[in-house]
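Quick one: the structure is below, questions incoming.
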Amino acid sequence: MQSEVSIPALEPTAGGGFAPAASLPFDENFGYLMRRIVTLVGNEIERRMEPLGLTDAQWKPLMRLHYTGDATVATLARGCHLDAGAMTRLLDRLEGKGLCRRVRSVEDRRVVNLELTDEGRAAAAQIPAVVEGVQEVVRQGFTADEAARLKDYLQRILHNVQGFGGSEPDGPAVPAPARATAADPPGGTA
């Protein structure tokens, strides 16, 4: 049984626009569905990261340190969409596990750089296979064209909501994707 919740929502109209809906089943709300997906995927990644001794929160900075060269708390925090305090606590745990260490910059003693230990590099090298295994499950039942369209739709949503809260988004701005027209082949523009 679906619960009906009266919430301000929009429904598509025949003219291609959107109009307020009187009520919308809660589980049809975009935000609810996206949050549910993120939660389930995060839980599954965490389950699969357990043999590496990592939580869902811990694998992200470890992988960024390994693959992007983010070398300070500030750059790593921005890349992981966390504030510096949360990142510091997360790094304390990773350092406690022997996966990374903080090293003072020789050029500027005020700067503390981050680096992976040998154990951290070994763990980080295994992360992409774990994440890809979960992504394979996520993509089940989608053709390549459908997956490409879904990615385009998600990028559009991200572009639409980047200004929420009156602040700049974390990370690089996502440009408005080109919208497919009736003349475009399925899956995007030619």
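The values are calculated or read from the model by the stated rules, or taken from the named source; none is laboratory data. No experiment lies behind these values; they were computed from the predicted model shown. Remember, those area values only see protein heavy atoms, side chains included, never the ligands or the DNA or RNA. Shrake-Rupley method; radii C 1.70, N 1.55, O 1.52, S 1.80 Å.
Between Cys100 and residues 5 or more places away or on another chain, which pairs have amide H atoms under 5 Å apart, with H built 1.01 Å from N, and which residues are they?
When sequence neighbours closer than 5 places are left aside, the close amide H contacts are Glu95, Thr117.
Moving to a separate point now. Could you work out the Kirkwood radius for the stretch 24-150, taking every pair of different alpha carbons, averaging 1/r and inverting it, reported in Å?
Values: mean 1/r = 0.0613 Å⁻¹.
Hydrodynamic radius (Kirkwood, Cα pairs) of the stretch 24-150 is 16.3 Å.
Which sequence of Glu44, Glu132, Glu119 reflects their accessible areas, 1.4 Å probe, from the largest down?
On the way: Glu44 50, Glu132 75, Glu119 110 Å².
Sorted descending by solvent-accessible area, the residues read Glu119, Glu132, Glu44.
Is the C-alpha gyration tensor of the stretch 64-125 telling us rounded, prolate or oblate? Criteria: a/c under 1.5 is rounded; beyond that, a/b larger than b/c is prolate, otherwise oblate.
Values: a/c = 1.44, a/b = 1.16, b/c = 1.24.
It comes out rounded by the Cα gyration axes.
Show me, for the stretch 130-145, the HN-Hα J-couplings you get by feeding each phi into the Karplus relation (A = 6.51, B = -1.76, C = 1.60, θ = phi - 60°), rounded to Hz, glycine and proline as x.
3J(HN,Hα) across the stretch 130-145, in whole Hz: 5, 5, 5, x, 5, 4, 4, 5, 4, 7, 4, x, 9, 6, 4, 5.
Taking amide H positions as placed 1.01 Å from N in the peptide plane, with prolines and chain starts having none, which residues 5 or more places from Thr72, or on another chain, fall under 5 Å of its amide H?
Amide H neighbours of Thr72, under 5 Å, 5+ apart: Leu114.
Let me ask something else about it. Residue-wise, which Karplus ³J(HN,Hα) couplings in Hz belong to the stretch 58-70, taking 6.51 cos²θ - 1.76 cosθ + 1.60, θ = phi - 60°, and x for glycine or proline?
After applying 6.51 cos²θ - 1.76 cosθ + 1.60, I find 7, 5, 5, x, 4, 5, 5, 4, 6, 9, 10, x, 4 Hz.
With all protein chains present and a 1.4 Å probe, how do Val112, Val38 order by accessible area, largest first? Display every interim value, and only then the final one.
Numbers: Val112 45, Val38 85 Å².
My answer, sorted largest first, is Val38, Val112.
Probe 1.4 Å, all protein chains in place: accessible area of Asp27 in Å², nearest 10?
Answer for Asp27: close to 60 Å² accessible.
Which value, in Å² rounded to 10, gives the accessible area of Asp92 with a 1.4 Å probe and all protein chains present?
80
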